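All of the numbers you see were taken from the coordinates with simple rules; none came from a lab. None of these values were measured; they are calculated from a predicted model. Cβ: placed from backbone, ideal geometry, glycine included. Neighbour counts: every protein chain shown.
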């Protein structure tokens with residue numbers, strides 16, 4: 001159309017200014033050395049307003065390479081927004097952020113278009129946030145490493161529903177052989193399923209952070225979702241279960257095997273993917289189970305001959321998940337397995353984790369912030385809270401209905417269900433549905 005022509009002419013004439021927030025924020029410390037304050041000042045001397053809005057005051061005088069992934073993401077978004085530009089690109093702005101931070105960032109990004117009249121383009125794989133953030137969306141389909149096709153833009157609700165269906169009706173193109181569906185009813189509780197492990201109340205003290213968890217039970221074949229704000233001890237809890245750090249108080253059963261995928265993964269190996277997996281998994285790599293239930297759905301065939309240190313973030317994530325699930329273990333602990341995966345890969349990853357737990361009668365504990373992902377992967381929920389960066393606490397595991405209600409009540413968010421696909425959609429604060437669901441005490445499931 002004429003608007004695209006005008007835009008591309010300005011690009012060709014070099015009369016349009018661009019602000020870009022990169023996808024892999026954890027690579028920023030490799031190219032920029034200095035404090036957060038210096039990074040923001042380099043873009044704009046007047047950054048006090050955005051520092052307050054994004055709650056960056058505590059990290060202003062810290063070195064870029066010493067802050068967490070979530071803090072780095074917020075600093076990168078703040079820097080991109082501070083730049084006076086005609087068009088703003090945000091590549092996966094939700095990575096490493098908890099759900100409240102994602103909504104805050106989404107609202108702020110929208111102001112660039114609504115209040116300042118700027119062009120804004122966002123690449124995002126958290127569909128709940130995309131639904132909340134965007135007006136229109138392009139669906140992209142194709143073959144990994146071969147080609148990609150942009151479909152015509154649609155209103156964001158229609159685009160997401162089309163994506164979940166796997167079929168572009170207007171263009172008569174089926175890009176997935178199945179639709180993605182969501183449960184409206186909460187799954188059944190697991191009281192009658194055999195228990196795998198019990199853990200006591202745990203406590204861990206650091207110099208400036210104190211974490212305490214309630215006692216709990218993990219059942220065979222159960223996947224426990226771990227949700228809550230950043231910096232409240234989720235990774236600390238998982239590391240205690242994995243034996244990476246020891247609790248100061250409380251005991252964890254030691255007669256279990258644990259496989260652990262950390263939050264931040266590094267590509268330091270100079271071998272290719274196949275050699276690395278064969279070395280780590282030994283005979284399990286060639287097993288029918290691993291190839292059919294892990295390697296195939298995670299599409300490792302596209303990566304098998306690549307060098308590990310040349311993988312993209314999403315490719316490295318899939319390999320790390322496969323490496324974790326391929327181990328012989330009783331409990332699989334995965335910290336943010338959806339990070340850098342596209343929407344379809346997230347759904348396939350969630351289903352893969354569930355199948356492995358169910359078929360092996362092992363258990364999983366999953367830390368993640370993508371509500372769609374947690375909806376698909378979890379049987380029960382542990383809820384974390386406290387004062388971020390100071391004190392953390394956990395409760396549960398609860399059944400999914402109670403767990404989501406506890407979690408979303410604390411987050412002050414309700415979800416409705418899409419009439420066509422039954423997928424969760426964030427309610428506008430104060431809307432009729434928001435008020436009704438709060439009155440019912442049902443923040444997520446409605447049947």
Burial ordering of 366, 105, 67, fewest other beta-carbon atoms within 10 Å first: 67, 105, 366
Give me the angle, in degrees from 0 to 90, between the Cα long axis of helix 400-411 and the longest principal axis of the Cα atoms of the chain, rounded to the nearest 10. 40 degrees
Cα long-axis angle, helix 69-82 against the chain (0 to 90 degrees, to the nearest 10): 10 degrees
Global form of region 298-381, assessed from the alpha-carbon gyration tensor, a/c cut-off 1.5: oblate
Normalised contact order of the chain, rounded percent, pairs of Cα under 8 Å and 6 or more residues apart: 16 percent
Considering the chain as a Gaussian network with a 10 Å cut-off on Cα pairs, which listed residue, 379, 13, 368, attains the greatest mean-square fluctuation? 13
Highest-fluctuation residue, 244, 43, 11 considered, GNM on the chain with Cα pairs under 10 Å: 11
On a 0 to 90 degree scale, rounded to 10, what angle separates helix 343-360 from the longest Cα axis of the chain? 0 degrees
What FRET efficiency, computed as 1/(1 + (r/R0)^6) with R0 = 51 Å and r the Cβ-Cβ distance, is obtained for residue 171 and residue 289, rounded to the nearest 0.05? 0.85
Over region 2-123, what is the mean sequence separation of C-alpha contacts under 8 Å (at least six apart), divided by residue count, expressed as relative contact order in percent? 31 percent
Rel. contact order, % - alpha carbon contacts under 8 angstrom, at least six apart, region 195-411: 32 percent
